[in-house]
Amino acid sequence: MTDLAGRFRALWDEIAPVGRDAGSGGYLRYALTDPELQLREWFRGQADRRGMPVTDDGNGNLFAWWGDPDGGDAVLTGSHFDSVPHGGAYDGPLGIVSAFLAVDELRAAGVTPVRPVAVAAFVEEEGARFGVPCLGSRLLTGVLDADRAAGLRDAAGVSFAEALGDRPAGARPELLGRFRAFVELHVEQGRALVEADAPVAVASAIWPHGRWRFDVTGEGNHAGTTRMTDRRDPMLTYAFTVLAANKEARLRGAHATVGRVSVEPNATNAIPSRVIGWLDARAAEPETLAGLVDAVQAKAAERAKRDGTELTLTEESVTPLVAFDGGLADRLTRLLAAPVLPTGAGHDAGVLAGHLPTAMLFVRNPTGVSHSPAESATDADCAAGVTALARVLEELACR
């Protein structure tokens, strides 16, 4: 094991136990809950060890600064700590750990930045607690209204403002104006780098994607006494909607997933009165995505008429196609001699790309699995990612 791989492992082991579920081996690091708050304190401690002052943008996003926070023309890097339910270890935290180690590498080499470097820990990137992905970066950039964000509630009824301890600040154009570029390092969520036999890649684009909520209402009734012909069962409509989403996505070469459902009254011997499901849809082109959602809605509405139920579709969030800054991506590709990959996953980088030059680096994931305990990366590949990120920060902030 190289020295850098060993230092990565030592730092990684400090956070590895935080929020891990003993049963699944996955992580329960929801935004602004105890495990994520522990990691935010760890972030402050790492910054303090390095003499990097930490600022909070009022939206829950943390920034650790190497250089003057008010200096302007800064280079931003970092990622997020929060996880999906029972998610993997690397999605998010890898980018933060790697950023601190990249600063260490540059300092050890005697490199001094001529522009500030900021390491970010964005809040609620996954949207697993309050339902809106990339919540922190959407607030920072003004993509999401602060009042709407303040009122978002988790499953226990706690609002984002309550969890944050204050109303979110919302758009911070003066802070965004201090940054000249953002580079996010992330574990790959696929096996392209395994097939390319390369430890690191540069991202080209993020597929357009979004989340839609299906509310299907019917008539609750007794499972044993209600004749089949008399039923208005929303579960039938919902089940058909799931199958329609799968079929329409396959026909279009797109992705559609229904991974979350709520049933009322949720009793084994009762016909449901209401079923709520969430559709995650993604495609390479915005037209394909729109066509997919329209087709699913039309088929679900037709089925609702047959079932005697009512269907409502609500768009919760949509992120357009993100083509990363071509000049910056090309520059990093030449610098690192790395392959270039698109991705179907959303990231804070996708939100920030609409406001400043943005790029992403991917680190090889041998399983290709993400949002699962099977997500992984070797220490050697993580060290290669740190080296790549350090070279990028040197190129952008030290020349």
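The values are calculated or read from the model by the stated rules, or taken from the named source; none is laboratory data. For clarity, every value in this text was computed on a predicted model and none was experimentally measured. Neighbour counts are summed over all protein chains in view; Cβ atoms, including those assigned to glycine, are modelled from backbone coordinates with ideal geometry. All accessible areas refer to the heavy atoms of the entire protein, side chains included, with ligands and DNA or RNA removed. Shrake-Rupley method; radii C 1.70, N 1.55, O 1.52, S 1.80 Å.
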(message) Can you tell me which residue is nearest to residue 133 (Cα to Cα) among those in the stretch 237-267 that are assigned to a loop (DSSP other than H, G, I, E, B) and in contact (Cβ under 8 Å) with a residue 12 or more places away in the chain?
(response) 254
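Do we find that residue 164 is closer than 25 Å to residue 347 by Cβ and either touching a Gly at 6+ places or on another chain (Cβ under 8 Å) or open to solvent by 20 Å² or more (accessible area, probe 1.4 Å) (or both) in this structure?
The answer is yes for residue 164.
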(request) Could you tell me whether the stretch 282-294 includes any residue that is at pLDDT 95 or above, over 28 Å from the mean Cα position of the chain (by Cα) and of a type outside the set (S, T, N, Q)? (result) no
(message) Every residue in the stretch 353-381 that is under 17 Å from the mean Cα position of the chain (by Cα) and not in a loop (DSSP other than H, G, I, E, B), please.
(response) 358, 359, 360, 361, 362, 363
(message) Can you tell me which residue is farthest from residue 326 (Cα to Cα) among those in the stretch 205-217 that are at pLDDT below 95 and in contact with a Gly (Cβ under 6 Å, 6 or more places away or on another chain)?
(response) 209
(request) Check 67, 72, 26 and return the single one that is at pLDDT below 95 and not polar (S, T, N, Q). (result) 72
(request) Go over the candidates 126, 36 one by one and state the one that is within 14 Å of the chain's Cα centre (by Cα) and buried (at least 21 other Cβ atoms within 10 Å of the Cβ). (result) 126
(request) With the checklist (1) closer than 25 Å to residue 89 by Cα; (2) in a loop (DSSP other than H, G, I, E, B) in hand, flag the one item residue 399 doesn't pass. (result) (1)
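To keep it simple, each residue is scored yes or no on (1) surrounded by 20 or more Cβ atoms within 10 Å (Cβ to Cβ); (2) at pLDDT 95 or above; (3) closer than 30 Å to residue 293 by Cα.
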| site | (1), (2), (3) |
| --- | --- |
| 192 | no, no, yes |
| 203 | yes, no, yes |
| 243 | no, yes, yes |
| 257 | no, yes, yes |
(request) Take the residues in the stretch 86-122 that are more than 29 Å from residue 16 (Cβ to Cβ), in contact (Cβ under 8 Å) with a residue 24 or more places away in the chain and of a type outside the set (A, V, I, L, M, F, W, C), then tell me which one is most open to solvent (accessible area, probe 1.4 Å). (result) 112
(message) Looking at residue 83 and the list (1) open to solvent by 30 Å² or more (accessible area, probe 1.4 Å); (2) farther than 28 Å from residue 114 by Cα; (3) touching a strand residue (DSSP E or B) at 6+ places or on another chain (Cβ under 6 Å); (4) not hydrophobic (A, V, I, L, M, F, W, C), which single condition is not satisfied?
(response) (1)
(request) Inspect all residues belonging to the stretch 54-65 and state whether any of them is among the small types (Gly, Ala, Ser) and open to solvent by 10 Å² or more (accessible area, probe 1.4 Å). (result) yes
(request) Considering only the stretch 348-370, state which residues are open to solvent by 30 Å² or more (accessible area, probe 1.4 Å), among the aliphatic types (A, V, I, L, M) and in contact with a strand residue (DSSP E or B) (Cβ under 8 Å, 6 or more places away or on another chain). (result) 353
(message) residue 165 - would you say it is in contact with a helix residue (DSSP H, G or I) (Cβ under 8 Å, 6 or more places away or on another chain), without any contact (Cβ under 8 Å) to a residue 12 or more places away in the chain and not aromatic (Phe, Trp, Tyr)?
(response) no
(request) Answer yes or no: is there a residue in the stretch 16-33 that is more than 27 Å from residue 140 (Cα to Cα) and outside any loop (DSSP other than H, G, I, E, B). (result) yes
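Filter the stretch 205-236 for residues that are closer than 30 Å to residue 283 by Cα, open to solvent by 40 Å² or more (accessible area, probe 1.4 Å) and in a strand (DSSP E or B) and give the result.
Of everything in the stretch 205-236, those that are closer than 30 Å to residue 283 by Cα, open to solvent by 40 Å² or more (accessible area, probe 1.4 Å) and in a strand (DSSP E or B) turn out to be 211, 213, 217.
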